[in-house]
Each structure stands twice: as C-alpha cells, then as structure tokens.
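Quick notes on the structure that follows.
The values are calculated or read from the model by the stated rules, or taken from the named source; none is laboratory data. As the structure is a computational prediction, the values presented were derived from the model and not from experiment. No Cβ is skipped: glycine too gets one built from the backbone with ideal geometry, and neighbour counts run over all protein chains shown. Side chains included, ligands, DNA and RNA excluded: accessible areas come from the protein's heavy atoms. Shrake-Rupley method; radii C 1.70, N 1.55, O 1.52, S 1.80 Å.
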Amino acid sequence: MNLDDIYAKTERGLDELRTRRMNLPLQLRSLLIMIDGQRTVAQTIARAEVLAVGPDVFEQLAKLGLIERRFGARSAATTPAEAATGPSQDDVQRFLALQKEMNGVIGQHLGLRGYGLMLRLQRASNLRDLHDFLPDLAQALVKRIGVDATAPIVDGLENALRAH
C-alpha cells in the first residue's frame, strides 16, 4: 500500500456506518468514518494519530470491502513495481477523455488566461494528477465565470473522475 493512495468508502462501508452489522472494533470504525475519498492514506493516518493506526488497517478495511482505492499515488511517487504493471486500459481511456474535457473547459471559459493551466494539465500523467489539478481549475473558473456557472462543470468532472 502506498501512503499517497486515496481511499473512499464503498456502498458496503456506508451501510456499515449506518447499521453497525459487522460490529467493527472502535479503532476500525473510527478510521472508516475518517476516510473521505479526498485525503491520502498518510493524511488520514496523521488525523487519526490518537487511534495509533497504520497502513495495515486500510488493508483490513479494504479486505472487508468497506473501502476501495479511488486514486493511486501521484505520478512522481510511482514505484518501479507499479510502473512495470502500468495502468489498466480503462484508466488510460478515462484519463485521456478527462484530460481532453478539461482542456476544452479551459479553452472555452478561460481562453488565453488559462494557458498556465493548460501547461499543467499537459504534464498530468494519471487520474490522480487530474484529481489534484481539479481544485485549481475550479478556482480559476469561479474567478472568471462565477460559482453558479462553475458548479455544474466541476460536478461533471468530479463524477467522471469517480466513475469506475
């Protein structure tokens, strides 16, 4: 497990939080509550310092089907083993489609003002990089076209990033 991975709750995990059917130990349940699909494993462990948990607890929750990996590590943090296996064909297609869509959004709404963002977008090499790029794109869009016009654009991009 990579400390830069981002995990999110599955439907089973959300159901467990509502019903408590599995009767999870307090440590596991507390960590499951903290997992939000936005923070990395390292950030979540730091927030859960009082619980004294390690990355192995994430593996336990994943084996139980309560969480799943949403995004892998940033491209700069890719290990040689991960580089050898490479991304799935589906992830590659999603990446290319999202990168093209984001590029179109920048061109349509920001024009020449979005040149710096376009350069950053071109350096993105995986879905995690696009996920990390999205808040900056949203901020630039809000500044240029306002919150009301930006919200549906960013929601669509977020949903496309979450899709499996």
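Brief remarks on what is shown
- Residue among Gln38, Gln43, Gln27 that alone is open to solvent by 30 Å² or more (accessible area, probe 1.4 Å), closer than 18 Å to Arg162 by Cβ and among the polar types (S, T, N, Q): Gln38
- Close pairs (8 angstrom Cβ cut-off, 6 or more residues apart or separate chains): closer than 16 Å to Ala8 by Cβ in the stretch 41-64, surrounded by fewer than 18 Cβ atoms within 10 Å (Cβ to Cβ) and of a type in the set (Val, Ile, Thr) anywhere: none
- In the set (1) assigned to a helix (DSSP H, G or I); (2) over 26 Å from Leu117 (Cα atoms); (3) within 17 Å of the chain's Cα centre (by Cα); (4) at pLDDT below 85, Ala62 fails one condition alone, (4).
- Residues satisfying the stated conditions in the stretch 125-164, i.e. touching a strand residue (DSSP E or B) at 6+ places or on another chain (Cβ under 9 Å) and open to solvent by 50 Å² or more (accessible area, probe 1.4 Å): Arg162, His164
- Counting only residues that are at pLDDT 85 or above, outside any helix (DSSP H, G or I), more than 21 Å from Asp132 (Cα to Cα) and of a type in the set (A, V, I, L, M), the stretch 15-59 holds 2 of them.
Conditions (1) acidic (Asp, Glu); (2) closer than 15 Å to Ile67 by Cα; (3) out of contact with any Ser or Thr (no Cβ under 8 Å at 6 or more places or on another chain), marked per residue:
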{"position": "Asp5", "(1), (2), (3)": "yes, yes, no"}
{"position": "Arg12", "(1), (2), (3)": "no, yes, yes"}
{"position": "Leu17", "(1), (2), (3)": "no, yes, yes"}
{"position": "Met22", "(1), (2), (3)": "no, yes, yes"}
{"position": "Leu26", "(1), (2), (3)": "no, no, yes"}
{"position": "Ser30", "(1), (2), (3)": "no, yes, yes"}
{"position": "Ile35", "(1), (2), (3)": "no, yes, no"}
{"position": "Val41", "(1), (2), (3)": "no, yes, yes"}
{"position": "Ala46", "(1), (2), (3)": "no, no, yes"}
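- Flag for Gly107 being without any contact (Cβ under 8 Å) to a residue 12 or more places away in the chain, open to solvent by less than 30 Å² (accessible area, probe 1.4 Å) and not basic (Lys, Arg): no
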